[in-house]
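See below for the structure under consideration.
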4 protein chains.
Amino acid sequence: MTIDDLKALIAQAEFHKFLKMDVLDLEADGKLSIKLPFDESYTIFRKAGAYHGGIIASLVDVAGAMACSVVKGYPTPTANLRIDYLKSPARCDLYADAEARRVGRGIGVADVTIRDENGTVYALGRGTFNTADPRPVG
Amino acid sequence: MTIDDLKALIAQAEFHKFLKMDVLDLEADGKLSIKLPFDESYTIFRKAGAYHGGIIASLVDVAGAMACSVVKGYPTPTANLRIDYLKSPARCDLYADAEARRVGRGIGVADVTIRDENGTVYALGRGTFNTADPRPVG
Amino acid sequence: MTIDDLKALIAQAEFHKFLKMDVLDLEADGKLSIKLPFDESYTIFRKAGAYHGGIIASLVDVAGAMACSVVKGYPTPTANLRIDYLKSPARCDLYADAEARRVGRGIGVADVTIRDENGTVYALGRGTFNTADPRPVG
Amino acid sequence: MTIDDLKALIAQAEFHKFLKMDVLDLEADGKLSIKLPFDESYTIFRKAGAYHGGIIASLVDVAGAMACSVVKGYPTPTANLRIDYLKSPARCDLYADAEARRVGRGIGVADVTIRDENGTVYALGRGTFNTADPRPVG
């Protein structure tokens, strides 16, 4: 499975027709960035343009899973996800910078920082991913 | 702020036109259930009908925040969110059962269980919510 | 590995000469209770008799790992641990009630409730444990 | 409350007679390092010299709370704690590098990295701390 395969996998998910992410960088060591352009449909308060917490959690989910997947070369399902919301982004594009911190035989851990283009950090994400090879042995 | 006010608050969020939740029960002590009817647009793999992790995280976010809000009588923004994915639900409606475990002056904690109508549990959520009164003192 | 083997494993850890836990119930399906009798050396403020957060975290760690271990029949190392402190226990014995919520081939999830003998809940714990069989294949 | 006051607060806890930490750096902006010299009594398996998970959790707790406390100038109790164990340290001194990521009026978030003197990372910690001023208003 190549990086293009992974991008294709992301692209085919139904939910990603709504969550219109753009994978900017994707390195074989598990570092990547994803851009999410602002859209009114992502907001909880339309007037303020504040992002819904679920949208930010979704970004963390995708970026973290992708960081582990690219190291392994196959999909690594999310086992758990944790998001700390530091401040509320308003009406701006978001960027998710992900980094695999450890990718073991059964479990991987990835960190995700949610920021805007100026580097202001809005949320911190961390997750555990199931990195066991899904393909049959032998 | 009444329970109907809270439901109206949920209803007006742009993202909730996509995440079509139905608040089934909502008690003043911070217990509630939300139903999310299955929709293809929530899936990560359309064929299997498997829910995207971000959709489940969004359900946990809304249900947990609502559990603390109803106790306080005003919106309680999410400080952090944690979701453990136990098994993947496929092509079924989901229910989020939320319960406020502690609602203090500054911090609240709520538990959310994600299940189907038969009681099979797919995910466990827990979150911390900012319960400080947003209204000016005096 | 029997339940007695597990208890022996707990007993031989150096740190457990300090953290003097008593395993009360231990069932094959991953439910158990541990009692920690109060000791001045567990406190952060001696006068108030308030437990140090690290002591409570340690209890969650042991109880959660044991819940998954007893299902598997071998030690299941902690992958991550999360503790929510709801209120501060003072100068009382603590009980950790643990329950395995899911024990898969590679990952297990356990819940731990920290309470006193009257049922007052002081902390909520949840953890992920590495449930892969450590013994060589074949 | 000065930085020396904080160190004195740490020093007086009963549990810290067992957990013999040394505060190396402590800056007013919430960055600090703590050294924990290896001791047999911290191990889970004496032979391997592997640290008990509870000891590492305790280090994260103290370092994270201290990072928020030093910014605020008063004690900031732990609301929740999360530790990801990446690899098992054996028979070496540990260092906890803590950093306050956000310190608000009611809630603070701090990150803690657990490493040895060579920079090998063994665990990642993150916590939420209650930063409300405990002193009476007016």
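The values are calculated or read from the model by the stated rules, or taken from the named source; none is laboratory data. Given the structure is predicted, the values throughout are model-derived calculations rather than measurements. Neighbour counts run over all protein chains shown; Cβ positions are idealised from the backbone, glycine included.
Of note:
Table: residues versus (1) within 13 Å of the chain's Cα centre (by Cα); (2) basic (Lys, Arg).
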residue: C:THR76; (1), (2): yes, no
residue: C:ARG82; (1), (2): yes, yes
residue: C:LEU86; (1), (2): no, no
residue: C:PRO89; (1), (2): no, no
residue: C:ARG102; (1), (2): no, yes
residue: C:THR120; (1), (2): no, no
residue: C:PHE129; (1), (2): yes, no
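Residue by residue, here is whether (1) on the phi > 0 side of the Ramachandran plot; (2) within 12 Å of chain B (Cβ to nearest Cβ); (3) of a type in the set (Gly, Ala, Ser); (4) touching a strand residue (DSSP E or B) at 6+ places or on another chain (Cβ under 6 Å) holds:
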| position | (1), (2), (3), (4) |
| --- | --- |
| A:PHE18 | no, yes, no, no |
| A:LEU32 | no, no, no, yes |
| A:PHE38 | no, yes, no, no |
| A:ASP61 | no, yes, no, yes |
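- Taken as a whole, the structure leaves B:SER69 outside the set of residues that are touching a residue at least 40 places away in the same chain (Cβ under 8 Å), of a type in the set (S, T, N, Q) and within 25 Å of C:VAL109 (Cα to Cα).
- Answer from A:ALA65, A:ALA100 - the residue that is in a strand (DSSP E or B), modelled with pLDDT of 95 or more and touching a Phe, Trp or Tyr at 6+ places or on another chain (Cβ under 9 Å): A:ALA100
- Segment A:40-51, subset among the aliphatic types (A, V, I, L, M) and surrounded by fewer than 24 Cβ atoms within 10 Å (Cβ to Cβ), residue modelled with the lowest pLDDT: A:ALA48
- Check on B:ASP111, closer than 21 Å to C:GLY127 by Cβ, among the acidic types (Asp, Glu) and modelled with pLDDT of 95 or more: yes
- Pick from segment A:20-30, criterion hydrophobic (A, V, I, L, M, F, W, C) and more than 14 Å from A:ASP93 (Cα to Cα), ranking: farthest from the other protein chains (Cβ to nearest Cβ): A:ALA28
- Lone unmet requirement of (1) under 28 Å from C:GLY104 (Cα atoms); (2) surrounded by fewer than 24 Cβ atoms within 10 Å (Cβ to Cβ); (3) facing another protein chain (nearest Cβ under 7 Å) for A:GLY104: (3)
- The residue pairs whose first member lies in segment A:12-35 and is β-branched (Val, Ile, Thr), whose second member is part of a helix (DSSP H, G or I), and whose beta carbons are closer than 8 Å, counting only pairs six or more residues apart or on different chains, are A:VAL23/A:LYS7; A:VAL23/A:ILE10; A:VAL23/A:MET66; A:ILE34/A:LEU59; A:ILE34/A:VAL62; A:ILE34/A:ALA63; A:ILE34/A:MET66.
- Within segment C:71-97, tally of residues that are at pLDDT below 95, more than 23 Å from C:ALA8 (Cβ to Cβ) and within 14 Å of chain A (Cβ to nearest Cβ): 0
- Every condition in (1) aromatic (Phe, Trp, Tyr); (2) buried (at least 18 other Cβ atoms within 10 Å of the Cβ); (3) touching an Asp or Glu at 6+ places or on another chain (Cβ under 6 Å) is met by B:TYR95 except one, and the failing one is (3).
- Residues being part of a loop (DSSP other than H, G, I, E, B) and acidic (Asp, Glu) - total across segment C:77-97: 1
- Verdict on A:ASP4 being more than 14 Å from chain B (Cβ to nearest Cβ) and assigned to a helix (DSSP H, G or I): yes
- Matching entry among C:GLY127, C:GLY54 (being of a type outside the set (Phe, Trp, Tyr), within 14 Å of chain D (Cβ to nearest Cβ), crowded, with 24+ Cβ neighbours inside 10 Å and closer than 21 Å to A:ASN130 by Cβ): C:GLY127
- Of the residues making up segment B:31-62, those that are under 12 Å from the mean Cα position of the chain (by Cα), small (Gly, Ala, Ser) and not in a strand (DSSP E or B) are B:ALA57, B:SER58.
- Positions within segment B:109-124 being more than 10 Å from chain D (Cβ to nearest Cβ) and either crowded, with 24+ Cβ neighbours inside 10 Å or outside any strand (DSSP E or B) (or both), in sequence order: B:ALA110, B:VAL112, B:ILE114, B:ASP116, B:GLU117, B:ASN118, B:GLY119, B:THR120, B:ALA123
- Residue count, segment D:76-92 (criterion: surrounded by 18 or more Cβ atoms within 10 Å (Cβ to Cβ) and in contact with an Asp or Glu (Cβ under 8 Å, 6 or more places away or on another chain)): 5
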